[in-house]
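The values are calculated or read from the model by the stated rules, or taken from the named source; none is laboratory data. Please read all numbers here as calculations on a predicted model, not as lab measurements. Glycine also receives a Cβ, built like all others from the backbone with ideal geometry; neighbour counts cover every protein chain displayed. Accessible surface areas use protein heavy atoms only, side chains included; no ligands, DNA or RNA. Shrake-Rupley method; radii C 1.70, N 1.55, O 1.52, S 1.80 Å.
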Amino acid sequence: MKRPFKGLRGKAPEQTYDAVIVGAGIGGLICANLLAREGLSVLLVEQHYMVGGYCSTFRRKGFTFDAATHFYPLLGNPATITGKLLRELGVTNGWVKMDPVDHFHFPDGSTFAVPADFDTYVSKLKQEFPHEAESLDQFFVLVRELYLSGLLTYFRWRETDRLGHYSQMTVRQALDRHFRDPKLKLLLAADCGHWGSPPSRTSFVFDSMLRLSYFLGNYYPRGGSQAFADELALRFEELGGHILTSASVNRIVVRNKYASGVEINTRIPDQTYRVNAGVVISNADLLLTLEKLIAAEHLDRDRVASIRTLRPTHPCFLVHVGLKGMATEELRAAHGYHWDSWDSDRVATNSFKIFVPTLYEPAMAPAGGHIVIVQKLTAIDYDSIDDWAMHKAKVEAYIMENLERVMPGFTEKVVVKLSASALTSHRYTANHQGAMRGWEMSPDQLGSRRPALNGMLKNLYFVGHWTQPGGGITPVIVSAMQVARKISGRQSEFANAFSVNPLMKSANIRGAFTKLQ
Ligand SMILES: Cc1cc2nc3c(=O)[nH]c(=O)nc-3n(C[C@H](O)[C@H](O)[C@H](O)COP(=O)(O)OP(=O)(O)OC[C@H]3O[C@@H](n4cnc5c(N)ncnc54)[C@H](O)[C@@H]3O)c2cc1C
């Protein structure tokens with residue numbers, strides 16, 4: 001696949017950078033742009049041959065499939081913090097606004113489409129559930145309050161007690177407290193597959209933040225996920241950044257308790273490089289970073305052990321299908337979450353989601369074609385599966401049977417079909433157990449109880465969904481913004497840090513931090 005950015009293409013990286021970023025997921029790409037914009041010399045290292053992590057695409061028989069992510073809240077709206085950031089970074093990629101935002105298909109055969117306008121949405125809910133109208137009003141007043149307090153607490157790291165006991169409340173508890181109608185309760189949690197965890201283990205505050213963000217615009221990237229990731233890479237190069245793809249960081253070098261560089265193995269040519277760095281930022285899986293990339297003697301064992309006890313989100317099984325001759329209206333009608341239980345906690349066993357990217361971006365398929373991507377959470381014990389082929393065949397058969405049930409004749413229209421299990425997610429991104437969004441966003445795994453952006457070692461930072469504030473595109477971008485802010489705020493201090501860091505002292509430092517000395 002042709003990519004717009006150059007990359008180092010077989011050239012060796014410099015000996016020293018102000019910052020080295022491990023992993024070019026959206027967290028790594030945004031952080032790289034922000035630091036390069038500040039004038040830092042930055043190297044972005046990605047093990048895969050393309051950038052984007054869970055926001056990449058692959059191509060088969062003329063169909064371009066999003067590997068994972070397809071809902072990009074806020075990014076097409078320049079009035080929002082993340083939408084504005086993209087404009088500031090010069091990202092010109094177009095965004096297709098979704099309206100309706102989502103579709104739900106219930107066990108009794110009824111459906112509900114969520115309009116993109118908030119007031120229309122609430123009116124529609126009240127029309128359908130008049131006996132719950134008062135509770136709906138109270139519920140959404142609370143959701144709005146928690147949205148604002150949640151932004152302050154989790155996205156701006158403000159010390160505030162505004163959340164009170166709601167910080168401990170799950171989506172399940174909030175719904176049970178407000179409503180009696182089982183259908184309304186499912187409707188208000190029907191997109192919980194998106195969280196990678198059931199409502200009984202998902203924070204009501206975080207859910208409120210995402211729920212309302214959809215009404216500020218939910219988007220699909222023009223040209224698909226890769227177009228967005230590639231443009232971030234291109235902008236980064238224009239700012240002077242270096243990108244090394246097909247290159248794994250095998251080790252984060254630690255000297256005197258400082259992260260001071262990385263060891264990189266490139267595939268073409270097969271070469272190992274040692275690169276010095278003022279700061280190292282890991283966008284890679286957190287356990288991989290702490291347990292494989294850093295030698296154990298440099299870390300507080302108890303802290304690493306306590307991180308190991310956190311619960312990851314479920315992995316998401318995917319079936320990617322390229323179709324010919326399928327009616328657009330039939331696909332539009334089938335689009336969305338399908339439930340065959342009224343209990344939203346059964347998200348990993350009794351629901352799946354049909355997404356049709358070609359409804360937003362027809363160019364993802366050859367003329368007259370369509371793409372269907374099915375997402376299904378799987379409740380698996382990752383380490384105990386020894387026959388992944390059998391697991392894959394079983395889940396794929398379940399999904400294909402359901403596609404045929406929902407759209408009779410579907411199977412005959414299939415041109416190409418591929419499936420991805422938790423193992424596939426792990427193979428391409430190295431995410432622990434193929435988890436979808438890092439650690440669960442449960443009340444006990446948010447805020448200060450989620451691994452912090454820094455503090456494990458001097459000059460070592462984390463961005464992405466395994467750190468604060470949480471998983472999903474918006475929180476991941478927020479983590480990158482916060483890390484870039486922390487590092488930029490240290491420019492003057494860095495001059496000193498380098499002088500006490502033996503490696504940096506001896507290195508031929510050419511970066512922006514040094515220029516400030
Ligand atoms: C199926 C699925 C659907 C999703 N849908 C949505 C959605 O619609 N909306 C939404 O907001 N979120 C969605 N998410 C979640 C979202 O995609 C993630 O939370 C987010 O993309 C994570 O970004 P990241 O930067 O933290 O990491 P990742 O995307 O995981 O990127 C990490 C990168 O680090 C690289 N790497 C790892 N180890 C090394 C190493 N040693 N050396 C060099 N490179 C390394 C990896 O190859 C990878 O490119 C979905 C996730 C999945 C799996």
Scan of segment 365-395 for residues that are open to solvent by 40 Å² or more (accessible area, probe 1.4 Å), more than 25 Å from the chain's Cα centre (by Cα) and in contact (Cβ under 8 Å) with a residue 12 or more places away in the chain, ordered by number: PRO366, GLY368
Strands (runs of 3 or more DSSP E) completely within segment 314-357 that count 1 or more residues being within 16 Å of SER110 (Cα to Cα) and in contact with a Ser or Thr (Cβ under 6 Å, 6 or more places away or on another chain): 336-339
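Mind checking whether some residue in segment 264-275 is part of a loop (DSSP other than H, G, I, E, B), within 13 Å of the ligand (Cβ to nearest atom) and more than 24 Å from the chain's Cα centre (by Cα)?
Yes, that holds for at least one residue.
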Residue check for GLU231: in contact with a Gly (Cβ under 8 Å, 6 or more places away or on another chain), among the charged types (D, E, K, R) and touching a residue at least 40 places away in the same chain (Cβ under 8 Å): no
Segment 43-60 residues that are within 23 Å of VAL321 (Cα to Cα), paired with ones that are within 7 Å of the ligand (Cβ to nearest atom) and part of a strand (DSSP E or B) (beta carbon under 6 Å, 6 or more apart): GLY53/GLY25
Residue match in segment 210-217 (condition: buried (at least 21 other Cβ atoms within 10 Å of the Cβ) and either touching a Pro at 6+ places or on another chain (Cβ under 9 Å) or over 21 Å from GLY336 (Cα atoms) (or both)): yes
Qualifying positions in segment 341-353 - surrounded by 23 or more Cβ atoms within 10 Å (Cβ to Cβ) and farther than 17 Å from MET436 by Cα: SER344
Some residue of segment 430-437 being within 18 Å of VAL304 (Cβ to Cβ), within 12 Å of the ligand (Cβ to nearest atom) and assigned to a helix (DSSP H, G or I): yes
Residue that is most open to solvent (accessible area, probe 1.4 Å), among those in segment 297-332 that are β-branched (Val, Ile, Thr) and under 30 Å from ILE354 (Cβ atoms): THR328
Residue that is nearest to ILE473 (Cα to Cα) [pool: residues in segment 396-440 that are aliphatic (A, V, I, L, M) and open to solvent by less than 20 Å² (accessible area, probe 1.4 Å)]: ALA435
Considering residues of segment 44-54 that are more than 14 Å from ILE373 (Cβ to Cβ) and of a type outside the set (Val, Ile, Thr) only, the residue nearest to the ligand (Cβ to nearest atom): GLY53
